[in-house]
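Novice: Sharing a structure, written as structure tokens. Questions coming.
The values are calculated or read from the model by the stated rules, or taken from the named source; none is laboratory data. Source: prediction; values computed, not measured. Don't worry about glycine lacking a Cβ; one is built from the backbone with ideal geometry, like all the others, and counts go over all protein chains shown. For the accessible areas, the whole protein counts, side chains as well, though only heavy atoms, and no ligand, DNA or RNA atoms are used. Shrake-Rupley method; radii C 1.70, N 1.55, O 1.52, S 1.80 Å.
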Amino acid sequence: MLDPTPLIQERLTHNRWGLLGGQGCVLGFDVGSYGLRAALVDLSQHTFYAMHREPANESPQELVGGAIDLGNELMAAHGVTAAHLVRVGAGFGGPVDVRQGIVLLSPRAPGWERYPLREALENAFGASCVVDNDANLIALAEATFGVGRDTQHMVYIHLSTGVGAGLVLDGRLYHGATTTAGEIGHAVIGPVDPTRPGERPKTLEEHVSIKGLLSRAAELGFHTNLLSDIFSDHPVGRQVVAEAIDVLAVRIAQIVALIDPQMVVIGGVVARNGGEEFINAIRERMHTYIGKAVERPVQVVSAILGADSVAIGAVALALESMRD
């Protein structure tokens, strides 16, 4: 796994974040997407530190309280006090109202409905806080510090228990009219089948999430709970992967035609299991679905920042907010 520290520390020397961008510290959190993770950058020393732990459960009180404890532990380990903090960022694995700083709900656990995450972290650390969902923050992390750091227009696609995307356009995270831009996992694939008028077509998430891939394998007679089996040499696994490649290639071709990005980055546990062979196959298949009028070189690559990517993205979001 790539150590992101050198990339982040080198990027911090560029100081693109306004008057406060050269002083104080910024704290970033991943509240449950990859366990509990905290990231800390010192803007004057251009240093980066990270820390993580696995939560005992996923209730709001346990996760947020655990994140606060982890942040305080990370700060104490590096001699940082609350007075040094100029901004806090946080990411959550579910829908977030970015403007109000609240979690709308969690797809994995009850109790998160309209949870005031920004308020909780601001009260704990005494610094302004910004929040967003995990896919958006991984997109911003990769565009700021990772594989897309030399691009201005980048799309990130997240393939995991859910499927989502983040858009970085003109160097800024794009949220859309209602802050829900990037929710491609909830769009259906194809029209209603006229022979089955009462049956709704499956969404992208139902096709290529972990559950979707395992369910498709079961439909074909291959019953397993292991994603690694899907990417094995089993003939049904190979068919399921081929179908997923085709579905993703179509969606990416449409994204390229609509948004004209320089790069498409693919990450999440599904992409990690598939490896470079999976990413390369999507890239090659994509060209089948791009019309000649818009066909051009587009990089389709793997995410590189790893398990700390949401926390790193939370730092990037906090830094971006300092430009506003």
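Novice: Do you know which residues across segment 178-208 are more than 22 Å from the chain's Cα centre (by Cα) and either on the phi > 0 side of the Ramachandran plot or outside any loop (DSSP other than H, G, I, E, B) (or both)?
Specialist: 190
Novice: Going through 229, 246, 233, 260 one at a time, which residue ends up being of a type in the set (D, E, K, R) and within 18 Å of residue 284 (Cβ to Cβ)?
Specialist: Result: 246 is the single residue among 229, 246, 233, 260 that is of a type in the set (D, E, K, R) and within 18 Å of residue 284 (Cβ to Cβ).
Novice: Can you find a residue in segment 289-302 that is within 30 Å of residue 42 (Cβ to Cβ), open to solvent by less than 50 Å² (accessible area, probe 1.4 Å) and in contact with a Lys or Arg (Cβ under 6 Å, 6 or more places away or on another chain)?
Specialist: no
Novice: Go through segment 165-205 residue by residue and tally those that are touching a residue at least 12 places away in the same chain (Cβ under 8 Å) and either open to solvent by 70 Å² or more (accessible area, probe 1.4 Å) or closer than 16 Å to residue 261 by Cβ (or both).
Specialist: 17
Novice: Looking only at segment 239-270, how many residues end up being open to solvent by less than 10 Å² (accessible area, probe 1.4 Å) and either at pLDDT 95 or above or within 13 Å of residue 156 (Cα to Cα) (or both)?
Specialist: Residues meeting the conditions: 14.
Novice: Of 215, 160, which residue is under 23 Å from residue 104 (Cα atoms) and of a type in the set (Ser, Thr, Tyr)?
Specialist: Answer to the selection: 160.
Novice: Which one of these is over 30 Å from residue 178 (Cβ atoms) and touching a Lys or Arg at 6+ places or on another chain (Cβ under 9 Å): 101, 24, 94?
Specialist: Exactly one of 101, 24, 94 is over 30 Å from residue 178 (Cβ atoms) and touching a Lys or Arg at 6+ places or on another chain (Cβ under 9 Å), namely 24.
Novice: Is it the case, given these coordinates, that residue 77 is touching a residue at least 60 places away in the same chain (Cβ under 8 Å) and open to solvent by 10 Å² or more (accessible area, probe 1.4 Å)?
Specialist: Answer is no for this residue.
Novice: Same structure, new question: Mind checking whether some residue in segment 100-108 is of a type in the set (S, T, N, Q), within 21 Å of the chain's Cα centre (by Cα) and either within 23 Å of residue 158 (Cα to Cα) or surrounded by 19 or more Cβ atoms within 10 Å (Cβ to Cβ) (or both)?
Specialist: yes
Novice: Next up: Condition first: open to solvent by less than 30 Å² (accessible area, probe 1.4 Å) and acidic (Asp, Glu). Now tell me which residues in segment 3-60 satisfy that.
Specialist: The one that is open to solvent by less than 30 Å² (accessible area, probe 1.4 Å) and acidic (Asp, Glu): 30.
Novice: Only one of these conditions is not met by residue 26: (1) touching a residue at least 40 places away in the same chain (Cβ under 8 Å); (2) outside any loop (DSSP other than H, G, I, E, B); (3) under 18 Å from the mean Cα position of the chain (by Cα). Which number is it?
Specialist: Residue 26 satisfies every listed condition except (3).
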